[in-house]
């Protein structure tokens, strides 16, 4: 893409557990200031990949380079990792807990205190600083965990299912924070099963399935490469046309309209023609980009 | 390295500040001392006033002597006569003697009355007395048979409560004395003279040593060694459990995954081991000081009240060895606790997996006994070198018959080497095990983790 060194570059990385191949020859690049979506079904190898990136696991082969360097303990301090399964000490007070995590990322106690105060205020949790962690609600704990991930100002953030357990208000708050971080040219790797979230936030995506990469690129490229293969349709008496397998491969109802995915070789114009022919009353006919959700389903289905 | 210190600091301070730590540290010695003393005190407590004793004297000659003997205070009977002047500090040899002493300390009171048969048969008298006993008018009645002075008759002891062993023993003691003295009077033997001649010969102890002879201390140094050994063992069990739950907590709350992205698993594990060991050492240091104060104060009190107390004579080197063996032994066991903690998914499972280790530590306490009898046997040698056993058995050997220095050094060396080995293996298991959720690891799996690079 550009001449600048990729924030993160994986080259033919593989990891086996006994006979099970968790990650197979995976290569990918993540660039500074972008939000990168690592998506895939359960068991695809996302967590293993992330664990290798954050230096919890070592790859069997291939190389992982962070900021152009081989992974090392020193580089760990420049990463913030929020695992899917949250991990906080239940009996520790929020402030002490965050200071500990900050110090483990190389902050001095004083720096850690300053940062945690700033972040607690930003996420509206200041009054909970002296409470024990298990007195907090799940959503609040989630935000604490997020602070632990970002308080040392990492250049690379790895967030695994960061929105789970958050109500819409807090999810929005967190999204704003992520966009701010992005504006500071921090790189974010975002792993999720929630395609709608990935679609809203990600610049680039990488879809992995069964330990292999099946799709990669900027969200825009990926979508356009799938073409405008779907039609949003609201019509009365459209059943006949939609059941024609030569035209339509699948139909999904969405509230007051349906989304029809065109069959290979079929054309939207053809479908419209057919609808009119069969006497359907069309009130909406719109060619839409396939959603990430559809792409996901199709790609995962293909490689299965 | 800086991060290791951060971890140690957290493990140390967070435990030190807990209420439970502060309470056990300050009250521990009181609890231990009182748990040794209180049951005895409670057992010997006599509530509900004097025991009413009724004597049926068929000899017709013994009542006065028995009554006098029962009412005599502060002088418990046969036991006192046996006591040689030099052995006041010797502990009572058995439980019975201890109970007698406890009873005397509280001076049970008796009301003694006589019942004359008055022409009735013995059966009739007993029936009458049983009735009075049931109504609560008497506690104990004794039937002294006619032939008690000449032949081997037996006194009948009837009591409402036969479980009151203290009263029973005291009555038996005093009754015996009265009867024996009566027999002597009958044989024209001077009682006072017999008592004087009957006193026991004392025995002073010396330990065989080169140079100046050293006076023994009546087994109290051995007592101290056992005490220290059991303390080490307690520390291992208590703090092993602490480490185990800390590891399992980090695993079940998944904190380990966050931590592993910041620090090396090895640092996390070592931080935990060192931090918790420091907590244990802190607690033991406080206890040692408190016990020291207790002992000095207690000995001072006893000395002031005229008792001759033999303090254990322990060279300073013993305490240094004790500390060294404590640290080595603790790390040896604690590492295994870490290892098990990273293998399992719940503390309950951990409890089952740790059982063999607890057996090992119990066995090492038992090993101490044959070692005491024969501290220089081949058995004692091997047992005091073997890891897991050495922290306790070697200490016992050092106290009983200090082995050559090379043996102590070898034992410490083997201990340290096994600590290093265990830490190495545990680190390899820990970094994999801490990220395995869902099921506990099997032994073959764990062996594979160790071999993996």
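The values are calculated or read from the model by the stated rules, or taken from the named source; none is laboratory data. Everything quoted here is computed from the prediction, not taken from an experiment. Positions of Cβ are generated from backbone atoms using ideal geometry, with glycine treated the same way; all protein chains shown enter the neighbour counts.
Could you give me the residue pairs with C-beta distances under 9 Å whose first residue belongs to the stretch B:249-264 and is farther than 15 Å from residue A:100 by Cα and more than 7 Å from every other protein chain (Cβ to nearest Cβ), whose second residue is surrounded by fewer than 23 Cβ atoms within 10 Å (Cβ to Cβ) and modelled with pLDDT of 85 or more wherever it lies, and which are 6+ apart or on separate chains?
Short answer, once both residue conditions are applied: B:249/A:89; B:249/A:90; B:249/A:91.
Got a sec? Which of A:181, A:215, A:207 is assigned to a helix (DSSP H, G or I), within 23 Å of residue A:9 (Cβ to Cβ), more than 14 Å from chain B (Cβ to nearest Cβ) and in contact with a helix residue (DSSP H, G or I) (Cβ under 9 Å, 6 or more places away or on another chain)?
After applying the criteria, what remains is A:181.
Being at pLDDT 80 or above and touching a strand residue (DSSP E or B) at 6+ places or on another chain (Cβ under 8 Å): is that true of residue B:194 here?
The answer is no for residue B:194.
Identify the residue in the stretch A:142-172 that is farther than 19 Å from residue A:187 by Cα and surrounded by 20 or more Cβ atoms within 10 Å (Cβ to Cβ) and, among all such residues, is farthest from the other protein chains (Cβ to nearest Cβ).
A:143
Can you tell me which residue among A:62, A:68, A:43 is at pLDDT below 85, at positive phi and more than 7 Å from every other protein chain (Cβ to nearest Cβ)?
A:43
I'm checking my understanding of the structure. Among residues of the stretch A:95-151 that are in contact (Cβ under 8 Å) with a residue 40 or more places away in the chain, touching a strand residue (DSSP E or B) at 6+ places or on another chain (Cβ under 9 Å) and assigned to a loop (DSSP other than H, G, I, E, B), which one is farthest from residue B:5 (Cα to Cα)?
The selected residue is A:151.
From the list B:231, B:206, exactly one residue is modelled with pLDDT under 85, under 19 Å from the mean Cα position of the chain (by Cα) and surrounded by fewer than 23 Cβ atoms within 10 Å (Cβ to Cβ). Which is it?
Of the residues listed, the single one that is modelled with pLDDT under 85, under 19 Å from the mean Cα position of the chain (by Cα) and surrounded by fewer than 23 Cβ atoms within 10 Å (Cβ to Cβ) is B:231.
Condition first: part of a loop (DSSP other than H, G, I, E, B) and either touching a residue at least 60 places away in the same chain (Cβ under 8 Å) or more than 9 Å from chain B (Cβ to nearest Cβ) (or both). Now tell me which residues in the stretch A:48-59 satisfy that.
A:54, A:59
Considering (1) touching a helix residue (DSSP H, G or I) at 6+ places or on another chain (Cβ under 8 Å); (2) part of a helix (DSSP H, G or I); (3) without any contact (Cβ under 8 Å) to a residue 12 or more places away in the chain, say which one residue A:175 fails and leave the rest.
With respect to (1) touching a helix residue (DSSP H, G or I) at 6+ places or on another chain (Cβ under 8 Å); (2) part of a helix (DSSP H, G or I); (3) without any contact (Cβ under 8 Å) to a residue 12 or more places away in the chain, residue A:175 is out only on (3).
Just to check your reading of the model, which residue among A:81, A:89 is buried (at least 18 other Cβ atoms within 10 Å of the Cβ), facing chain B (nearest Cβ under 8 Å) and in a strand (DSSP E or B)? I'd like the intermediate steps shown before the answer.
Details: A:89 fails: in a strand (DSSP E or B).
Criteria check complete, one pass: A:81.
Considering only the stretch B:243-267, state which residues are surrounded by fewer than 22 Cβ atoms within 10 Å (Cβ to Cβ) and more than 21 Å from residue B:423 (Cα to Cα).
Scanning the stretch B:243-267 gives B:252, B:253, B:254.
Considering (1) over 16 Å from residue B:61 (Cβ atoms); (2) surrounded by fewer than 16 Cβ atoms within 10 Å (Cβ to Cβ); (3) out of contact with any helix residue (DSSP H, G or I) (no Cβ under 9 Å at 6 or more places or on another chain), say which one residue B:168 fails and leave the rest.
(2)
All but one of (1) more than 25 Å from residue B:247 (Cβ to Cβ); (2) touching a helix residue (DSSP H, G or I) at 6+ places or on another chain (Cβ under 6 Å); (3) modelled with pLDDT of 90 or more hold for residue A:117; which doesn't?
For residue A:117, the failing item is (2).
Against the conditions (1) away from every other protein chain (no Cβ under 14 Å); (2) at pLDDT 85 or above; (3) in contact with a helix residue (DSSP H, G or I) (Cβ under 6 Å, 6 or more places away or on another chain); (4) assigned to a loop (DSSP other than H, G, I, E, B), where does residue B:244 fall short? Just the number, please.
Checking residue B:244 against (1) away from every other protein chain (no Cβ under 14 Å); (2) at pLDDT 85 or above; (3) in contact with a helix residue (DSSP H, G or I) (Cβ under 6 Å, 6 or more places away or on another chain); (4) assigned to a loop (DSSP other than H, G, I, E, B), the one that fails is (4).
Just for helices (runs of 4 or more DSSP H) wholly inside the stretch B:312-392: which have at least 3 residues that are out of contact with any helix residue (DSSP H, G or I) (no Cβ under 8 Å at 6 or more places or on another chain)?
Numbers: elements: B:316-343, B:347-373, B:378-385.
Result: B:316-343, B:347-373.
Looking at A:73, A:84, which is the one that is out of contact with any helix residue (DSSP H, G or I) (no Cβ under 8 Å at 6 or more places or on another chain) and modelled with pLDDT under 90?
Only one candidate qualifies: A:73.
Can you tell me which condition residue B:276 does not meet? The list is (1) touching a residue at least 12 places away in the same chain (Cβ under 8 Å); (2) under 32 Å from the mean Cα position of the chain (by Cα); (3) farther than 24 Å from residue B:347 by Cα, and all the others hold.
(3)
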